Amino acid sequence: MIRHLMIAASAVALTACGQSTTTSTTTDNEVRTPQATAPAVNAMSAADFVQTVANSDAFEIQSSQLANTRAARQEVKDFAAMMVRDHTLTSQQLTALAPQIGLPTPTPQLDATKQAQIASLRGQNGAGFDDAYLDAQVAAHTEAVRLFEDFTANGEPGPLRDWANTTLPKLREHLTHVQGLEDAT
């Protein structure tokens, strides 16, 4: 779900971005060169960010819960336990923060792609599960890091952006950790 939302958000941002050029006054010996101005960036709304994070956390938790009985490698099981713990915490924080900033409590939902990934993981065990799970986690954390980086850079200042900025380093740690696990296979 987060991948689709990130792609959609990127498409909207790219569509909304326009470039204008300006020319500078030159003397007879100077060459005129157009200069591009910085395109406007459309930030994701706070409500969309909250819902996207809730959906992402739901996928992280559900896919990671499967690792307890399906993963072959202990380090994959340990990583999955950390995912359940850390993403449950961020879900709780987000659920508490949303009403404080005037947003409804998010209702996590998995899109068809994420539901299919969960179903696929349920059908695997051992090394096959490890590979599929780690691939899914790398993709999910890459998307989450991009989402949080974008929101911390472009979101409206306030408690939600502060929370995102505080949470981002942990997501980067998760991504680095899971990439290391994936590289070890």
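Points worth noting:
- The residues of the stretch 101-127 that are in contact (Cβ under 8 Å) with a residue 24 or more places away in the chain, more than 18 Å from Asp57 (Cβ to Cβ) and polar (S, T, N, Q), listed by number, are Gln124, Asn125.
- Hey, Asp57 in contact with a helix residue (DSSP H, G or I) (Cβ under 8 Å, 6 or more places away or on another chain), of a type in the set (D, E, K, R) and within 15 Å of Thr167 (Cα to Cα) or not: yes
- Checking each residue in the stretch 43-58 for being in contact (Cβ under 8 Å) with a residue 40 or more places away in the chain and either in contact with a strand residue (DSSP E or B) (Cβ under 6 Å, 6 or more places away or on another chain) or not in a helix (DSSP H, G or I) (or both) picks out Ala43, Met44.
- Verdict on Thr90 being polar (S, T, N, Q) and either on the phi > 0 side of the Ramachandran plot or outside any helix (DSSP H, G or I) (or both): no
- Of the residues making up the stretch 47-76, those that are over 17 Å from the mean Cα position of the chain (by Cα) and surrounded by 19 or more Cβ atoms within 10 Å (Cβ to Cβ) are Ala67, Arg70, Ala71, Val76.
- Checked against (1) modelled with pLDDT of 50 or more; (2) more than 25 Å from Arg172 (Cα to Cα); (3) touching a Lys or Arg at 6+ places or on another chain (Cβ under 7 Å), Thr23 meets all criteria but (1).
- Annotation: of all residues in the stretch 77-123 being among the small types (Gly, Ala, Ser) and surrounded by fewer than 18 Cβ atoms within 10 Å (Cβ to Cβ), the one that is farthest from Ala47 (Cα to Cα) is Gly123.
The values are calculated or read from the model by the stated rules, or taken from the named source; none is laboratory data. Computed from a predicted structure; not experimentally measured. In this analysis, Cβ positions are derived from the backbone assuming ideal geometry, glycine residues included, and neighbour counts consider all displayed protein chains.
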